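Comments concern the structure below.
The values are calculated or read from the model by the stated rules, or taken from the named source; none is laboratory data. Being a predicted model, the structure only gives us computed values, none of them experimental. Reconstructed Cβ throughout: ideal geometry from the backbone, glycine too, with neighbour counts over all protein chains shown.
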Amino acid sequence: MLLLTTMKKILSIIFFIILIPVSLYAEVKEYTLKNGLKVIVVEDHKAPLATFQIWYRVGSRNELAGKSGMSHLLEHMMFKGTPKYGSKAFSKIVQKNGGIDNAFTTKDYTMYYQSLASDRINLSIELEADRMNNLIMDPKEVIAERSVVMEERRMRYEDDPQTSLYEEVVATAFKSHPYHWPVIGWMSDLSSIERDDLYSHYRAYYSPDNAVIVVSGDIAADEIIKKIKALFENIPPVSGRKNVLSKEAEQQGEKRVALKKEAELPYIIAAYHTPSFPSEDSYALEVLGMILSGGKSSRLYKSLVYEKKLALYAYADYNGFNKDPYLFLFGATSSPGRDVKDLENALYGEIDRIKNELPLEKEVQKAKNQIEASFIMGLDSIYFQAEILGMFEMIGDWKMKEQYLEGIRKVMPDDVSRVAKKYLNEENRTIGILIPMKNSK
Amino acid sequence: MKNSKFRKILFFLLIFNFAFLILHFPLYALDVQKRVLNNGLTVLHSEKHNIPIIMVTMIVKASPLNEPQEKAGLSNLVAELLDEGTKTKKSSDISEEIEFIGASIGASAGSDYTTITLSVLKKDVQKGFELFSDIIQNPAFLQEELERKRELIKGSLKHREEEPSFLAGRAFHKEVFGEHPYGRLVEGTPETISSITREDLVEFHSRYFIPNNAILSVVGDLTGAELDLLIKRYMGDWKSTGMTEKQINPMPGEKTRKVVKIDKDVTQATIIIGHMGISRDNPDYYAVSVMNYILGGGGFSSRLMQKIRDDMGLAYDVHSFFTPNKEKGVFQAGVQTKNESANTVIEEILKQIERIRKEEVSDEEISSAKSYLTGSFPRRLDTNRKIADFLASVEFYNLGLDYAEKYPLYINSVTKADVLRVARKYLDPENFVLISVANQKKAELRY
């Protein structure tokens, strides 16, 4: 508390230059168990609550062609029971204790979490330790859950024209790297995933030395680590995981893809290959994304939506939190009655502008303030505090969070124009256009 | 990242489906100061000094309930235009100033009220509060901004027709509520939006955006004295005036069965089954909360999810909820399933509705529901933003400052007989509205 009070005084003195000194963020404690399981604990006693998250370093990036969607289907199966706790018991137990639980899968990792009253957080430890090692995976349940995931895919992709276009663009931008396929998997792959495929995937990747636990909230770090040790340390690590060595070759010319689907308005996506954090250029790319798309004062909104009225919505999004290089994405929904070609050209116009003229000092500062403020606002949530550490841990180390903020603070206007010139060029671009079709029936 | 967020977003939507009928928290632990200022503004304040941030929520009692039917969308347009220019600042100045300090301002109209929010760092609270107060009190409603926003809203309505759930929800509310304001979109229709003039906006704003018609809720790193200074400086000239109540079209009387089939080239049928529900001040609210948790509000613990997702593998998401509004809201069960299974799923939902009306729920079900509902509320107040929104809405719905202390008692007093009684009273397996957005040829609905 004393620290915070001092900090507030300092804060009122320094103005825009450096918003928040490092130590505003709560102390992070780190432990590694004998079996390689890493545990990160953040104490935050503002409310009698806690969040438990377990992160496995496995996602669609670790899948093979023809078996896309395995990691995500496995995530679903993790709720289907162990000999000790039957199918779906997991969520029911958590809910009965006033908590919530869920999970999600990305290209690079799979994360499970529970949010509970802090005096019940041991429940998470027991349940997660159990399913890390003792999943049943009944073949009948696998078949039923496969249909559930197919329904999920229909809902999110098949019947959503803009997401369908996103899937097309990413698949076109990546031809050899596993980022080519969607996390949820292709429909035809889903129907071919068998119980044994999933089980070997589980055995190989759900190993303690391939996982990280992050706990935050009103807890005592020493007690938590003791309990985690007691229940997790006897789970043996397994070998046999393969490193993903795939590298996407440099793109040598624009790729274009069109999607004709029942839709109301044309939609355009432009994707450019970019390096991921912690590449030297990633900080300037992040700031570039903010300048282009950070709110109503940003360039894309002002130009495409407000002034030219070509788009209803427009965004730029640098995706830097990935294991391997991914994409800098632009997207815009055409205004009714406007030509999507004009929208595309206007988008390139904004990209050219930032390549050719340095952004204003004040614009860069605004972007930095927005990024920094979002981190401080994030401290409001114990879930977010844990999540941000987990995300950095998945791409390297949670300590990279500081490196990230430091890197952002150092970005200068010429860095922004330089990275725009380096990456946002035609040779490196994949364009997708959604062409709305009328209902043919 | 983009894709991975979807699951989470959906998840939070599911949670909120039943979260908004569960307004219950330990207010005593929040240490809330409430007072009513001379100009009639109700102020709620809770100090939280652990992080240098401040979350502000204002509720203004202005919504479609206050607008004429032929001007539907008026309250939404007023909310949307608040930050598009004031008497002293241009639209672009406002966004530039607020975003430069990494803060955000938002305004939106809902079924019962308009919400304006500010999220700001402590060190910038003067600037943030100045802009927040300015957009509430002095919006300019320039003709040029009106035209621009009008086109954006119309375009967005068109765009949203891509979403089956949007089409289904719009049709559902129309069938359930008819001419009542709850029966239309907050945005209005392209026709009614076109008929709104600048004078309508100015008139609506001056009539409803007055301190004696508003609730201000402030949570964060700010003392009472600091808040007083802010209010004095930036809201000191905000004058109360008299208000006239507007006549609202009555709700439809008798329920009848209505089926609406919307044809769309999709792989999944989006289905909504439901009818009119209860208002927030209905004393059966608590029994209804428990009953709905068991039926379809309790995620994986609910009967609908266990049966239709876990046992049958026919859907990713199936749920039910009540929206207890100022006036009667809806009860609805919703699901997406491949066109071909639409009949099976509808049949199963109706079966579950009949079942909960026929037999008492089990001891295990009622005790799990109660322990979730009572045990989960501190978690639903785990950020300053959530607390600020919560306090404002507790005040709006007149739940009282002792609400949180009473809530567990209300929930724990619900019996199996109560659950059966409210299921019979508020669920209707005969006279419901059924909406399906599907490839109708493939769905071949029997209904």
Single residue of region B:378-401 satisfying the filter (more than 8 Å from every other protein chain (Cβ to nearest Cβ) and closer than 23 Å to A:Phe384 by Cα) that is modelled with the lowest pLDDT: B:Arg380
Criterion: among the acidic types (Asp, Glu) and farther than 28 Å from A:Arg153 by Cβ - qualifying residue of A:Asp101, A:Asp119: A:Asp119
Where A:Ser207 falls short, out of the listed (1) surrounded by fewer than 21 Cβ atoms within 10 Å (Cβ to Cβ); (2) within 26 Å of the chain's Cα centre (by Cα): (1)
Failed item in (1) more than 30 Å from B:His45 (Cα to Cα); (2) in contact (Cβ under 8 Å) with a residue 60 or more places away in the chain; (3) away from chain A (no Cβ under 14 Å); (4) surrounded by 14 or more Cβ atoms within 10 Å (Cβ to Cβ), with B:Thr267 passing the rest: (3)
Those residues of region A:296-344 which are part of a helix (DSSP H, G or I) and under 18 Å from A:Ile431 (Cα atoms), in sequence order: A:Leu300, A:Leu304, A:Val340, A:Lys341, A:Asp342, A:Leu343, A:Glu344
Residue list for region B:342-368, filter: at the interface with another protein chain (Cβ under 9 Å from one of its Cβ atoms) and buried (at least 19 other Cβ atoms within 10 Å of the Cβ): B:Ser368
Residue tally, condition surrounded by fewer than 21 Cβ atoms within 10 Å (Cβ to Cβ) and either more than 10 Å from chain B (Cβ to nearest Cβ) or under 23 Å from the mean Cα position of the chain (by Cα) (or both), over region A:300-318: 5
Sole residue being under 28 Å from B:Met55 (Cβ atoms), facing chain A (nearest Cβ under 9 Å), of a type in the set (A, V, I, L, M, F, W, C) and buried (at least 18 other Cβ atoms within 10 Å of the Cβ), chosen from B:Ile116, B:Ile136, B:Ile101, B:Ile105: B:Ile101
Residues of region A:141-159 that turn out to be at the interface with another protein chain (Cβ under 7 Å from one of its Cβ atoms), closer than 22 Å to A:Pro436 by Cβ and part of a helix (DSSP H, G or I), as a count: 4
Residue in region B:249-262 that is touching a Pro at 6+ places or on another chain (Cβ under 9 Å) and closer than 30 Å to B:Val43 by Cβ present: no
Condition broken by A:Val22, with the remaining ones in (1) modelled with pLDDT of 95 or more; (2) more than 19 Å from B:Phe300 (Cα to Cα); (3) within 25 Å of the chain's Cα centre (by Cα); (4) hydrophobic (A, V, I, L, M, F, W, C) satisfied: (1)
Any helices (runs of 4 or more DSSP H) falling wholly within region A:350-426 and containing at least 2 residues that are under 30 Å from B:His49 (Cα atoms) and more than 14 Å from chain B (Cβ to nearest Cβ): A:382-395, A:400-410
All positions within region A:112-130 that are more than 10 Å from chain B (Cβ to nearest Cβ), assigned to a helix (DSSP H, G or I) and not hydroxyl-bearing (Ser, Thr, Tyr): A:Asp119, A:Asn122, A:Leu123, A:Ile125, A:Glu126, A:Leu127, A:Glu128, A:Ala129, A:Asp130
One residue from B:Ala107, B:Ala140 being over 23 Å from A:Ile371 (Cβ atoms) and more than 27 Å from the chain's Cα centre (by Cα): B:Ala140
Those residues of region A:350-397 which are in contact with a strand residue (DSSP E or B) (Cβ under 8 Å, 6 or more places away or on another chain) and acidic (Asp, Glu), in sequence order: A:Asp380, A:Glu387, A:Glu393
Residue count, region A:192-204 (criterion: more than 26 Å from the chain's Cα centre (by Cα) and either within 14 Å of chain B (Cβ to nearest Cβ) or touching a residue at least 24 places away in the same chain (Cβ under 8 Å) (or both)): 3
Among (1) surrounded by 24 or more Cβ atoms within 10 Å (Cβ to Cβ); (2) away from every other protein chain (no Cβ under 12 Å) - the single one B:Lys71 does not satisfy: (1)
